[in-house]
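Report on the structure given below.
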Amino acid sequence: MTPKVPFGGDYNPEQWPEPVWDADDRLFAQASIDTVTLGVFDWSLTQPAPDRYDFTLLDRIVARSTAQGRMICLATGTGAHPAWLARAHPEVTRVDFEGRRHRFGQRHNSCPSSPMFRRLSTELARRVARRYAGNPSVVAWHVGNEYGGACYCELCAAGFRRFLRDRYGTLAALNTAWYTTFWSHTFTDWDEIEPPSALTEHWRGPDHTAFQGITLDYRRFMSEAMLTNFVDEKAAIRESSDLPVTTNFMGMYRPIDYHRWAAHLDFASWDNYPPDDDSPAWMALSHDLMRGLKGGQPFWLMEQTPSTTACRDVNPLKRPGVLRLWSWQAVAHGADAVLFFQLRASRGACEKYHGAVIGHAGRSDTRVFREVVELGAELRRLGGVTLGARTPARVALLFDWDSWWALEISDGPSRLVRYQQVVLAYYQALWSCGVDIDVVPVSADLAGYQVVLAPALHLVKDDLADRLARVALRGGSVLTTFLSGRVDVDGNAFLTDVPGPLAPLTGVRVDEWDARGADVVNPVCLGHDDDRTEVPARLVFELVIPVGAEVVGSYRADFYAGTPAVTRNSYGDGHGWYVGTALDQPGVDWVVRRILDHHGLTGPHPDVPGLERTVRVAPDGTRLLFLLNHGTEPIEIAATVDGVDLLTGARVESGGPVRLDTAGVLVIREDECG
């Protein structure tokens with residue numbers, strides 16, 4: 001274990017002459033930079049030719065970081081393959097969705113099924129680990145970089161067929177799963193099966209497929225194929241080292257099912273690049289998703305920009321204080337490391353304008369550098385108190401890649417429904433109420449939760465419906481929404497009333513559904529008597545028939561005006577909630593707040609805009625309360641605990657005033673009870 005939260009980031013001194021390294025060392029010391037990620041894209045340097053390895057430059061870089069007393073997260077260098085490899089073995093490059101063989105270029109361009117790529121990337125990982133395993137500064141290994149994309153070459157086609165043989169065993173089982181009697185698609189030989197692409201089953205892009213089962217399985221296969229690349233390299237590392245091995249995920253990234261990868265990583269890590277500069281709930285959801293990958297184990301924030309990204313059409317600047325605020329938000333949600341991309345700005349290529357701790361001029365008097373210095377000092381003072389701390393959540397939100405894929409490749413009812421946005425709306429409602437949340441896979445043990453939200457649970461597999469029902473039976477509340485319980489593990493409709501296996505829990509039946517453009521609003525009246533409000537709903541309007549459920553909200557317009565839109569069903573000692581339409585955020589907030597209030601889980605300051613509240617419990621039992629102000633104005637609230645703010649040393653008294661400036665942060669170590 002590291003002695004404190006590692007602080008630093010990606011460092012690429014190979015891009016700079018050695019005199020610059022001296023200046024960097026001085027600035028790193030000033031900013032309390034104690035951790036560097038090295039060698040992420042060094043393949044062409046460490047293996048400049050097929051039969052030649054040269055570690056001269058990397059040796060100097062590693063030795064220098066070691067001499068400076070810095071911890072090293074050392075990469076295998078396989079994030080992008082070298083030009084000589086693509087020239088010698090053209091099959092190493094990918095074939096895209098349109099069937100075009102790519103030439104050398106970019107970085108996500110290695111076919112995961114290529115035997116040559118697998119052999120050479122694994123050998124490089126083996127040599128890197130063997131060479132540096134004895135260095136005490138190396139604390140972790142970093143394999144690849146931001147795995148993603150897809151390949152549709154003949155090697156992947158062959159790999160897909162092997163994957164299908166293992167999954168289904170027989171062509172008869174495969175034909176049943178894929179429903180191939182439709183459109184005369186029955187397969188009589190494994191070699192007849194083609195990857196689903198623009199040349200086969202798709203039109204208008206990867207989400208428009210004639211056979212959802214084929215495309216769903218190809219997404220599973222491609223995720224597994226890239227996982228095999230990671231596992232290959234990890235096994236090679238294990239020949240020389242027992243240090244933890246990771247790779248940097250990308251949060252809510254659709255192409256790869258991170259739940260299927262989680263068991264193979266020693267700790268999760270991810271790169272936080274939110275879609276805009278005002279997405280605190282999006283980031284919190286992503287952090288909680290990463291923490292949930294390994295059963296609540298802390299993760300590393302492997303990358304974030306100190307100031308601005310460079311890959312988008314418009315790249316907003318982090319305002320003063322936001323660098324600090326977002327870093328502490330990561331720690332509040334389980335980060336045991338705070339790292340940046342990048343420590344020094346690249347001089348050329350596509351990331352030369354990407355933010356960095358140190359800019360091209362190497363100055364120490366920039367606002368960004370000063371903020372990094374201040375954050376580094378805070379983390380140094382904090383020490384190791386947060387390391388290994390867990391989140392004591394009693395609320396779970398299910399996140400499922402299979403449902404994400406199956407929903408968004410489905411023809412109907414609406415391509416405007418986006419899985420991530422539906423999940424985010426329900427997470428936002430929890431987040432704004434100051435609730436600690438575990439974001440977990442559908443396979444997770446749900447026994448410890450009082451509330452489980454499963455929005456857009458389109459695909460239901462294994463014993464999930466029974467496990468959700470048991471939550472309600474023992475007194476908990478379960479919520480699911482429109483387009484849930486529609487298909488099985490193969491993407492085929494259940495031969496029963498919607499919402500399929502979730503119907504007994506929810507106490508409803510859905511025979512029909514209406515879909516409209518985003519500009520069409522059907523108001524929903526929620527509640528009764530004094531607790532009554534009207535909110536907009538859009539996109540999909542399911543015509544819900546209660547089968548024992550109580551009506552909580554009703555549509556106000558169209559021929560189904562007055563029929564249920566939101567219901568609550570008594571089930572055992574608890575409830576199953578069903579929301580049959582895409583409520584706007586105030587409507588989602590209203591429903592979720594009623595569930596939390598019922599269980600006494602609503603936080604103490606649910607109506608304070610921009611206030612984030614979360615708790616971590618250290619291995620020794622110490623409770624740490626994090627308060628963060630994402631709003632545009634200062635906040636003053638009443639303290640709910642006695643304790644000490646670890647960032648300032650100030651005493652906090654329960655009931656007394658607590659002030660949070662704009663972008664303010666408090667980390668309160670609560671006093672021991674009794």
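The values are calculated or read from the model by the stated rules, or taken from the named source; none is laboratory data. Everything numeric here is computed off the predicted structure, so don't read it as measured data. Glycine gets a Cβ as well: all are built from the backbone with ideal geometry, and neighbour counts include every protein chain shown.
Identify, by number, the condition in (1) loosely packed, with under 15 Cβ neighbours inside 10 Å; (2) out of contact with any Asp or Glu (no Cβ under 8 Å at 6 or more places or on another chain); (3) small (Gly, Ala, Ser) that Ala582 doesn't meet.
(1)
Residues in segment 29-67 that are surrounded by fewer than 17 Cβ atoms within 10 Å (Cβ to Cβ) and part of a loop (DSSP other than H, G, I, E, B): how many?
Count: 5.
For Gly348, are the conditions met, namely being at pLDDT 95 or above and either buried (at least 22 other Cβ atoms within 10 Å of the Cβ) or not charged (D, E, K, R) (or both)?
So Gly348 does not fit the description; no.
Answer yes or no: is there a residue in segment 511-526 that is surrounded by fewer than 16 Cβ atoms within 10 Å (Cβ to Cβ), free of Cβ contacts under 8 Å to residues at least 12 places away in the same chain and either under 23 Å from Asp589 (Cβ atoms) or among the charged types (D, E, K, R) (or both).
Yes; the residues of segment 511-526 include at least one that is surrounded by fewer than 16 Cβ atoms within 10 Å (Cβ to Cβ), free of Cβ contacts under 8 Å to residues at least 12 places away in the same chain and either under 23 Å from Asp589 (Cβ atoms) or among the charged types (D, E, K, R) (or both).
What's the total number of residues in segment 501-549 that are at pLDDT below 95 and on the phi < 0 side of the Ramachandran plot?
4
Tell me which residues, restricted to segment 92-111, are more than 19 Å from Leu124 (Cα to Cα), in contact (Cβ under 8 Å) with a residue 60 or more places away in the chain and not aliphatic (A, V, I, L, M).
Answer for segment 92-111, where residues must be more than 19 Å from Leu124 (Cα to Cα), in contact (Cβ under 8 Å) with a residue 60 or more places away in the chain and not aliphatic (A, V, I, L, M): Phe97, Glu98, Gly99.
Here's the yes/no breakdown for (1) surrounded by fewer than 20 Cβ atoms within 10 Å (Cβ to Cβ); (2) within 10 Å of the chain's Cα centre (by Cα); (3) of a type in the set (Phe, Trp, Tyr); (4) under 18 Å from Met222 (Cβ atoms):
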residue	(1), (2), (3), (4)
Phe249	no, yes, yes, yes
Arg254	yes, yes, no, yes
Leu265	no, no, no, no
Asp271	no, yes, no, no
Asp276	yes, no, no, no
Ser279	yes, no, no, no
Ala284	no, yes, no, no
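Cβ-Cβ below 9 Å, separation at least six or inter-chain, first residue in segment 263-288 and under 27 Å from Pro320 (Cβ atoms) and touching a residue at least 60 places away in the same chain (Cβ under 8 Å), second assigned to a strand (DSSP E or B) and of a type in the set (S, T, N, Q): which pairs?
Matching pairs, first to second residue: Asp271/Asn248; Ala284/Thr614.
Kindly list the number of the only condition in (1) touching a residue at least 60 places away in the same chain (Cβ under 8 Å); (2) surrounded by fewer than 18 Cβ atoms within 10 Å (Cβ to Cβ); (3) more than 20 Å from Ser414 (Cβ to Cβ) that fails for Leu495.
Looking at each condition in turn, Leu495 falls short on (1).
Determine if segment 1-15 includes at least one residue that is assigned to a loop (DSSP other than H, G, I, E, B), β-branched (Val, Ile, Thr) and modelled with pLDDT under 95.
Checked segment 1-15: at least one residue is assigned to a loop (DSSP other than H, G, I, E, B), β-branched (Val, Ile, Thr) and modelled with pLDDT under 95.
Please indicate, with yes or no, whether at least one residue in segment 312-327 is more than 17 Å from Val368 (Cβ to Cβ) and under 15 Å from the mean Cα position of the chain (by Cα).
no
On the given criteria, is Tyr427 outside the structural domain of Thr640 (by TED's automatic domain parsing), in contact with a Lys or Arg (Cβ under 7 Å, 6 or more places away or on another chain) and hydroxyl-bearing (Ser, Thr, Tyr)?
No: the conditions fail for Tyr427.
Which residues, taken from segment 15-28, are touching a Gly at 6+ places or on another chain (Cβ under 9 Å) and either crowded, with 16+ Cβ neighbours inside 10 Å or among the aromatic types (Phe, Trp, Tyr) (or both)?
Within segment 15-28, Asp24, Leu27, Phe28 qualify.
Going residue by residue through segment 407-415, is there one that turns out to be touching an Asp or Glu at 6+ places or on another chain (Cβ under 9 Å), modelled with pLDDT of 95 or more, surrounded by 24 or more Cβ atoms within 10 Å (Cβ to Cβ) and β-branched (Val, Ile, Thr)?
no
For residues that are in contact (Cβ under 8 Å) with a residue 60 or more places away in the chain and of a type in the set (A, V, I, L, M, F, W, C), scanning just segment 613-661, find the one that is surrounded by the most Cβ atoms within 10 Å (Cβ to Cβ).
Checked segment 613-661; the qualifying residue surrounded by the most Cβ atoms within 10 Å (Cβ to Cβ) is Leu628.
Of all residues being in contact with a Ser or Thr (Cβ under 9 Å, 6 or more places away or on another chain), farther than 30 Å from Ala125 by Cα and among the acidic types (Asp, Glu) in segment 190-246, which is surrounded by the most Cβ atoms within 10 Å (Cβ to Cβ)? Just the residue, please.
Of everything passing the filter in segment 190-246, Glu201 is surrounded by the most Cβ atoms within 10 Å (Cβ to Cβ).
Mind checking whether some residue in segment 401-415 is under 30 Å from Val20 (Cβ atoms) and polar (S, T, N, Q)?
No, the conditions are met nowhere in segment 401-415.
Condition first: in the same structural domain as Val40 (by TED's automatic domain parsing) and more than 24 Å from Arg254 (Cβ to Cβ). Can you find one or more residues in segment 140-153 that meet it?
Yes, the conditions are met somewhere in segment 140-153.
Can Asp189 be described as charged (D, E, K, R), out of contact with any Gly (no Cβ under 7 Å at 6 or more places or on another chain) and more than 20 Å from Gly99 (Cβ to Cβ)?
Yes.
Are there any pairs, at least 6 apart or on different chains, whose C-beta atoms fall under 9 Å, with the first in segment 37-61 and more than 12 Å from Gly77 (Cα to Cα) and the second modelled with pLDDT under 95 and not hydroxyl-bearing (Ser, Thr, Tyr), and if so, which?
That search, which allows pairs on different chains as well, returns Arg60/Glu18.
Right, Gly664: touching a Pro at 6+ places or on another chain (Cβ under 9 Å) and surrounded by 13 or more Cβ atoms within 10 Å (Cβ to Cβ) or not?
When the stated conditions are applied, Gly664 passes them.
Restricted to segment 585-612, and to residues that are charged (D, E, K, R) and surrounded by fewer than 22 Cβ atoms within 10 Å (Cβ to Cβ), which residue is nearest to Ala639 (Cα to Cα)?
Asp607
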